[in-house]
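The values are calculated or read from the model by the stated rules, or taken from the named source; none is laboratory data. Quick caveat: nothing in here was measured; it's all calculated off a predicted structure. Here Cβ is always computed from backbone atoms with ideal geometry, including for glycine, and neighbour counts include all displayed protein chains. When the accessible area is computed, the model is the full protein with side chains, heavy atoms only, and any ligands, DNA or RNA have been set aside. Shrake-Rupley method; radii C 1.70, N 1.55, O 1.52, S 1.80 Å.
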Amino acid sequence: MADAKVIPFDDDRSRTGASQRPVRRRPGAGRRRPPAEAVAMREVPTGAVPGQSEGAETTAGAEAVTAGTADRAGSVNGVRATGATGAGGATTAGGHGGWDRRIAGGLAFLRRRLTGEYEVDEFGYDKELTDQVLMSLVRPLYDKYFRVEVKGIENIPSQGGALVVANHSGTIPLDGLMMQVAVHDNHPAERHLRLLAADLVFMLPVINELARKAGHTLACTEDAEQLLRKGEVVGVMPEGFKGIGKPFSERYKLQRFGRGGFVSTALRAGVPIVPCSIVGAEEIYPMIGNAKTLARLLGFPYFPLTPTFPWLGPLGAVPLPTKWTIQFGEPIETDGYPPEAAEDPMLMFNLTDQVREQIQHTLYKLLVQRRSVFF
């Protein structure tokens, strides 16, 4: 593999070569799922059942209404009914209906994938695949393994563009994926975070295609500004390889943020900057060494040596189950600045330093508050 090349985020030049984004529009628009079928109201019998008194008849009618309401709720929500079962232990019809709709939805999804009746945008982002497949694959790691706690999600606007700026760590960049799930699953508007990545990501087989479909794009001014002007929430980690490849002894100490290219982009687009602090990622792969010669041979910016990797082989690549906290800070507004402010180096420096200090201060605060690395 050729040597990894990182295009500075504040470089205004156009992308060329391996980092050129492909335009992958599929024929036809992706069809929406049909709405759930209306559930017929159960009719309460008006005549008395032979052998029952008038009071028993009224009670039986009320029970029928209650059972019908529970059945309809299970069917409309599309989930297996957990209510009453018959004398033989058979589940209610609502449960079968929920699974039928899931199966029908899955088959419809497969048909659209096979026939190409779905859309991707000019960056290669496949929203349907991301929501229904890719997020589902990452979510168990987010919910059960790292048990991510999210704070301050209300600081991301419900509409319009925003630039989320976060610290970067962990040897392998899982923090970006966890942040992506955090925004989608916790924001009231279920917003999607479009991450900016180094060109090394788009040089790796398989990873390249998955990153594009998940909404990632090259960390350059052109792509970032275009996404922000379209009203997307964009995520950037200015530390880059310096952040994820730093030794364990420097954990939670922010590295240099570059020349403030992300601030310039936010000023041009007139969107708020949302600082984000992530605690827990630093300990998943404690980097105690760096095999620089091997890294150069493989074309990587570093080759990590941890207490388990490469000594335990593939088992050493399993991350430690640390407890994560992701906190989104108060947004820094940029729409009040004039257009020429994006060319002011002193303003760029001040805003970059403000964002960096806010992230670092929040990291220290979260570290003091956490009880344990793993709990």
Q.
With only alpha-carbon pairs counted, each pair once and no self-pairs, how large is the Kirkwood hydrodynamic radius of region 91-244 in angstroms?
A. 17.0
Q.
At a 10 angstrom cut-off on C-beta neighbours, averaged per residue, how do the peptides 313-320, 162-169, 214-221, 267-274 rank from highest to lowest?
A. 162-169, 214-221, 267-274, 313-320
Q | Peptides 252-260, 203-211 ordered by average Cβ neighbours within 10 Å, highest first | A | 252-260, 203-211
Q) Around Gly160, with a cut-off of 14 angstrom between Cβ atoms, what is the net charge of the other residues, counting Lys and Arg +1 and Asp and Glu -1? A) +1
Q: Please report, as a whole percent, how much of the solvent-accessible surface of region 222-303 comes from carbon and sulfur atoms (probe radius 1.4 Å).
A: 54
Q: Give, as a single signed number, the net charge of other residues whose beta carbon lies under 11 Å from the beta carbon of Pro321, with Lys and Arg counted +1 and Asp and Glu -1.
A: +2
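I'd like the FRET efficiency for Lys230 and Lys144, computed as 1/(1 + (r/R0)^6) with the beta carbon distance as r and R0 of 30 Å, rounded to 0.05.
Calculated value: 0.35.
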